[in-house]
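Novice: Let me begin by handing over the structure; questions about it come next.
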Amino acid sequence: MMNVSKMSKTVLLLLAASAVLSACGGNKSSNGANAGGGKDENVELTAWAWNVNVGALNDAMDMYKKDHPNVSIKVEDIGRLDVYDKLSTGLAAGGAGLPDIVLVEDDRIQGYVDAFPDSFVNLSDKGFDKKADLFPPFKKELASKDSKFYAFPFDAGPTGMFYRKDIFDKAGVKADSIQTWDDFIAAAKTIKDKTGAFAVPVDKFKDDALFRMMLNELGVYYFDKDGKIDFNNPKVVQALDKIKAMGDAGLVKDVNGWDGTVSATVDGSVATVPFGAWYYGTIIDQAKDTNGKWGVFQLPAFEKGGNRAANLGGSSWMLPSGSKHEDAAYAFVEYFATTDAVQQNAMEKHGLFPSLQSVYKTDLFTKGVDFFGGQPIWKLFGDEVKDIPTPYYTKDYAVALDEAVKTQSDVFNGKKPADALKAAADRLADRTKREVK
Amino acid sequence: MRTKGYVPYLFLAPALGLFAVFMAYPIIYSFLLSFQTGAGKHMSFTGLSNYHRLFSDELFWTALKNTFAIMVIQVPLMLFLAILLAAGLNSVKHLTGLFRVSFFMPAVTSLVAYSIIFSLMLMGDGIINQFLTAVGAGAVPWLSNPIWAKAALILAMTWRWTGYNMVIYLAAMQNISESLYEAANIDGATRVRQFFSITIPQLKPVILFTAILSTIGTLQLFDEPYTLTKGGPSDATLTIGMYLYQTGFRFYDFGYASTLAYVIVVLIAVLSFIQFKVTGDEE
């Protein structure tokens, strides 16, 4: 027995356990016709989420309860990756032990819908389409497949360059003067000479966040619209060339994982951190001493006047199908996703940047932010959202990401970007049986 | 008084029930899964296609090569160190408890704590590189160079498991009869000679035992690459265990992941068999 690998045992124990648990949980009676729970029957929804999203969901339920006193929610605060592990195992076990509502990051939605068809509630059938225009185009495309919605759009991550004003000032560099990546590299060299601060933190060998932001900005991604592998696209090569140029000029701080990025942000060893709007929360939390020293500008363009909008991160809510409370869950999450007050609260209290566009007109989004020296940063991000190109993730996104990170490693270890990408395209074709464009 | 034949089985029933659900079922189910492809409700039997896929799967071969490279260097190195340490500690007269605990400590340290400390120590401007630069040796790209990343894993694993094996050897050494050494002393054998002619031969079954345990452990290697290198850079530290995990949980291919699990089972069985044969223990 002991010869069976530890991992496979774990996987299968989880499967067995979830089957047992679902058998125990299956006897709660409920009648599904009770849409939205406006009647007398009590409904308790369960949800899986992580981090600040848990608070946002609980707050929304408190607001929802005023009109729907019989509905309540139990949010299980599970770590991000644990949610996926549990969700994947539950789906693999045919839907056993799953909650009514689950938080999924945007880049994983297509993977789940593709790999587990029929396992999520088709929101278009429930009438979500008439609300869809409240959201920006890229978010709508991510949440739907074959023009049917499978996820309620929630937060987004319009990108920006978070920068240290004091470091820029010390080096005599004006953020306004940076229009293109070449401008940025020139400015970064000055900053490095005068202050010793690196330009950007990059987890060279384990993550490719900057690369993904650049790809999205250029309107390309790992796959094209038809699901073909796009690694050989000249624009993809251009993005990786730019990162390599920064590395060669000694402007990239090699950080280890998320903690490394955060500590580089806090200790001032980097002058800029390109990330999604949600990085605001990390900065104000972790770098309290730097109050007033920060600013934001949009990602530099690749050519003068080119697109500077991109997105990194963001998540949406999905409803696993087969739940006893499908309709009640639908009604609640629709309220959550499309109500200004709820989204405003999620932003104000939990730092989750909404993709619901009607919120951008509210005061919260137009006023200045003290931590950022009074700069109205939310207006900058809000204005950016409508210009964000759609990335195409496909169900093989995870494999493509794996190959992209390897490509970046190879480039930092000396390989030429075009060659590394070509090799990656071939490996990816081999692993996914997809065509290389 | 005679007991009915089935009575013992009644007493065994709870244990057998648990065994069936938590041991037998997963093993059988994963075996069946290894012949299927698809996901969720859409699994279908495709015969040996998963096993076929192995042969043309570059990543599998990379993972296999990495795992063996680590095993071939790490296991002998660690066992040798463990024997040396055990021999040393066996003759120490004072503070024995303190030494034993210190060497055994890594084996009981929480994995998370240990991997965070190691990644802090090994990173670009970590303490190890600071030290190396200070003595003029130059910084080593521990986690970013394909070869050094393997070395970093070997280092971490050796730190963690040497003490564990040492304790096993120490226990075995204390069972070696004093009279053998007394006789050797009278014959005028040196300490070194005694070590190779008495200690090592007496330890043989224990060495076999630890070698097999370590082989199994290395073939299942997952924790260290997962926390220290994520299998990188560029798959240089991708082990079969890592690849199995990625296939199942990142790429949702549970069928192929089960196939990989059974490949590990076969490898372990074959290697253990060879080790028994080579050391020539017939019992």
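The values are calculated or read from the model by the stated rules, or taken from the named source; none is laboratory data. In this text, all values refer to a predicted model and were calculated from it rather than measured experimentally. Positions of Cβ are generated from backbone atoms using ideal geometry, with glycine treated the same way; all protein chains shown enter the neighbour counts.
Novice: Find the residue count for segment A:315-348, including only residues that are within 30 Å of A:ASP166 (Cα to Cα) and not acidic (Asp, Glu).
Specialist: 1
Novice: Mind listing whichever residues of segment A:311-325 are crowded, with 18+ Cβ neighbours inside 10 Å and either under 26 Å from A:LYS349 (Cβ atoms) or charged (D, E, K, R) (or both)?
Specialist: Listed by number, the residues that qualify are A:ASN311, A:LEU312, A:GLY313, A:GLY314, A:SER315, A:SER316, A:TRP317, A:MET318, A:LEU319.
Novice: Next question. When only residues in segment B:158-182 that are of a type in the set (S, T, N, Q) and in a helix (DSSP H, G or I) count, which is surrounded by the fewest Cβ atoms within 10 Å (Cβ to Cβ)?
Specialist: Among them, the one singled out is B:SER179.
Novice: Suppose we filter A:ALA404, A:ALA398, A:ALA328 for residues that are buried (at least 16 other Cβ atoms within 10 Å of the Cβ) and over 23 Å from the mean Cα position of the chain (by Cα); which single one remains? Step through it out loud before you land on a result.
Specialist: Working: A:ALA404 fails: over 23 Å from the mean Cα position of the chain (by Cα); A:ALA398 fails: over 23 Å from the mean Cα position of the chain (by Cα).
A:ALA328 is the lone residue from the list that is buried (at least 16 other Cβ atoms within 10 Å of the Cβ) and over 23 Å from the mean Cα position of the chain (by Cα).
Novice: Might you let me know whether segment B:204-216 holds any residue that is over 17 Å from the mean Cα position of the chain (by Cα), within 12 Å of another protein chain (Cβ to nearest Cβ) and among the aliphatic types (A, V, I, L, M)?
Specialist: Within segment B:204-216 (the criterion being over 17 Å from the mean Cα position of the chain (by Cα), within 12 Å of another protein chain (Cβ to nearest Cβ) and among the aliphatic types (A, V, I, L, M)), the answer is no, since none of the residues qualifies.
Novice: Name the single residue that is farthest from B:THR62 (Cα to Cα) among those in segment A:426-437 being in contact (Cβ under 8 Å) with a residue 60 or more places away in the chain and within 14 Å of another protein chain (Cβ to nearest Cβ).
Specialist: For segment A:426-437, the residue satisfying everything is A:ARG434.
Novice: Within segment B:185-207, track down each residue that is touching a residue at least 40 places away in the same chain (Cβ under 8 Å) and buried (at least 17 other Cβ atoms within 10 Å of the Cβ).
Specialist: So in segment B:185-207, the residues touching a residue at least 40 places away in the same chain (Cβ under 8 Å) come out as B:195, B:199-200, B:203-205, B:207.
Answer for segment B:185-207, where residues must be touching a residue at least 40 places away in the same chain (Cβ under 8 Å) and buried (at least 17 other Cβ atoms within 10 Å of the Cβ): B:THR199, B:LEU203, B:ILE207.
Novice: From (1) more than 23 Å from B:ILE70 (Cβ to Cβ); (2) in contact with a helix residue (DSSP H, G or I) (Cβ under 8 Å, 6 or more places away or on another chain), pick out the condition that doesn't hold for B:GLY248.
Specialist: (1)
Novice: Restricting to segment A:50-89, what's the tally of residues that are over 21 Å from the mean Cα position of the chain (by Cα) and within 14 Å of chain B (Cβ to nearest Cβ)?
Specialist: Summing the residues that are over 21 Å from the mean Cα position of the chain (by Cα) and within 14 Å of chain B (Cβ to nearest Cβ) in segment A:50-89 gives 1.
Novice: Also, I was wondering about something else. Which condition number does A:ASP207 fail, the rest of (1) in contact (Cβ under 8 Å) with a residue 24 or more places away in the chain; (2) within 14 Å of chain B (Cβ to nearest Cβ); (3) farther than 24 Å from A:ASP169 by Cα; (4) in a helix (DSSP H, G or I) being met?
Specialist: With (1) in contact (Cβ under 8 Å) with a residue 24 or more places away in the chain; (2) within 14 Å of chain B (Cβ to nearest Cβ); (3) farther than 24 Å from A:ASP169 by Cα; (4) in a helix (DSSP H, G or I) applied to A:ASP207, the lone miss is (4).
Novice: Between A:ALA92, A:ALA96, A:ALA115, which is farther than 12 Å from A:TRP317 by Cβ, more than 9 Å from chain B (Cβ to nearest Cβ) and out of contact with any strand residue (DSSP E or B) (no Cβ under 9 Å at 6 or more places or on another chain)?
Specialist: Going through A:ALA92, A:ALA96, A:ALA115 in turn, the sole match is A:ALA96.
Novice: Applying the selection to segment A:378-418, what residues are within 14 Å of chain B (Cβ to nearest Cβ) and not in a helix (DSSP H, G or I)?
Specialist: A:TYR393, A:THR394, A:LYS395, A:ASP396, A:ASN413, A:GLY414, A:LYS415
Novice: Moving on. B:PHE11 - would you say it is surrounded by 10 or more Cβ atoms within 10 Å (Cβ to Cβ), farther than 29 Å from B:ASP235 by Cβ and more than 14 Å from every other protein chain (Cβ to nearest Cβ)?
Specialist: So B:PHE11 does not fit the description; no.
Novice: Only residues that are part of a loop (DSSP other than H, G, I, E, B) and of a type in the set (S, T, N, Q): list them for segment B:117-157, please. Walk me through it before giving the result.
Specialist: Restricting attention to segment B:117-157, the residues satisfying the condition of being part of a loop (DSSP other than H, G, I, E, B) are B:123-126, B:135-145.
Result: B:SER144, B:ASN145.
Novice: Moving to a separate point now. Going by what's in this entry, would B:VAL101 be described as touching a residue at least 24 places away in the same chain (Cβ under 8 Å) and in a helix (DSSP H, G or I)?
Specialist: For B:VAL101, the condition - touching a residue at least 24 places away in the same chain (Cβ under 8 Å) and in a helix (DSSP H, G or I) - is not met.
Novice: Take the residues in segment B:258-283 that are within 16 Å of B:THR37 (Cα to Cα) and facing another protein chain (nearest Cβ under 7 Å); name whichever of them is surrounded by the fewest Cβ atoms within 10 Å (Cβ to Cβ).
Specialist: First, the residues of segment B:258-283 that are within 16 Å of B:THR37 (Cα to Cα): B:258-262.
Now drop any that are not facing another protein chain (nearest Cβ under 7 Å), which leaves B:258, B:261.
Values: B:SER258: 26, B:ALA261: 28.
Within segment B:258-283, the match that is surrounded by the fewest Cβ atoms within 10 Å (Cβ to Cβ) is B:SER258.
Novice: Can you name the condition, by its number, that A:LYS395 falls short on among (1) modelled with pLDDT of 90 or more; (2) touching a helix residue (DSSP H, G or I) at 6+ places or on another chain (Cβ under 6 Å)?
Specialist: Only one criterion is unmet by A:LYS395, namely (1).
Novice: Using beta carbons and a limit of 7 Å, which pairs, at least six apart or on different chains, have the first residue in segment A:155-179 and in a loop (DSSP other than H, G, I, E, B) and the second one among the basic types (Lys, Arg)?
Specialist: Pairs that qualify, where the first residue is in a loop (DSSP other than H, G, I, E, B) and the partner is among the basic types (Lys, Arg), are A:GLN179/A:LYS304.
Novice: A further question follows. Among the listed residues A:THR265, A:THR282, A:THR261, A:THR272, which satisfies the condition of being free of Cβ contacts under 8 Å to residues at least 40 places away in the same chain, over 26 Å from A:ASP426 (Cα atoms) and surrounded by 15 or more Cβ atoms within 10 Å (Cβ to Cβ)?
Specialist: A:THR282
Novice: Right, next: Which residues, taken from segment B:245-254, are facing chain A (nearest Cβ under 9 Å) and assigned to a helix (DSSP H, G or I)?
Specialist: Correct list: B:TYR245, B:GLN246, B:GLY248, B:PHE249, B:ARG250, B:PHE254.
Novice: Further question: Counting just the residues of segment A:317-369 that are closer than 29 Å to A:PHE116 by Cα and of a type in the set (Ser, Thr, Tyr), which one comes out modelled with the lowest pLDDT?
Specialist: Only one residue fits best here, namely A:SER323.
Novice: Being under 25 Å from the mean Cα position of the chain (by Cα), within 16 Å of A:PHE275 (Cα to Cα) and either buried (at least 21 other Cβ atoms within 10 Å of the Cβ) or modelled with pLDDT of 95 or more (or both) is the requirement here; does A:PHE152 meet it?
Specialist: no
Novice: Under the condition of being under 24 Å from A:THR432 (Cα atoms) and modelled with pLDDT of 90 or more, which residue from segment A:91-106 is surrounded by the most Cβ atoms within 10 Å (Cβ to Cβ)?
Specialist: Ranking the candidates gives A:ASP106 first.
Novice: Which of the numbered conditions does B:TYR6 fail, given that it passes all the others? Conditions: (1) modelled with pLDDT under 90; (2) within 14 Å of chain A (Cβ to nearest Cβ).
Specialist: That leaves (2) as the condition not met.
Novice: How many residues, within segment B:220-244, are at the interface with chain A (Cβ under 7 Å from one of its Cβ atoms), surrounded by fewer than 24 Cβ atoms within 10 Å (Cβ to Cβ) and either part of a helix (DSSP H, G or I) or among the aromatic types (Phe, Trp, Tyr) (or both)?
Specialist: Adding up the residues that qualify gives 1.
Novice: Now for a separate question. Taking the condition of being within 14 Å of chain B (Cβ to nearest Cβ) and in a loop (DSSP other than H, G, I, E, B), how many residues in segment A:118-142 meet it?
Specialist: Result for segment A:118-142: 2.
Novice: Please list, ordered by first then second residue, the pairs with beta carbon atoms under 6 Å, 6 or more apart or interchain, first in segment B:23-38 and on the phi > 0 side of the Ramachandran plot and more than 7 Å from chain A (Cβ to nearest Cβ), second part of a helix (DSSP H, G or I) and aromatic (Phe, Trp, Tyr).
Specialist: From segment B:23-38, no pairs qualify.
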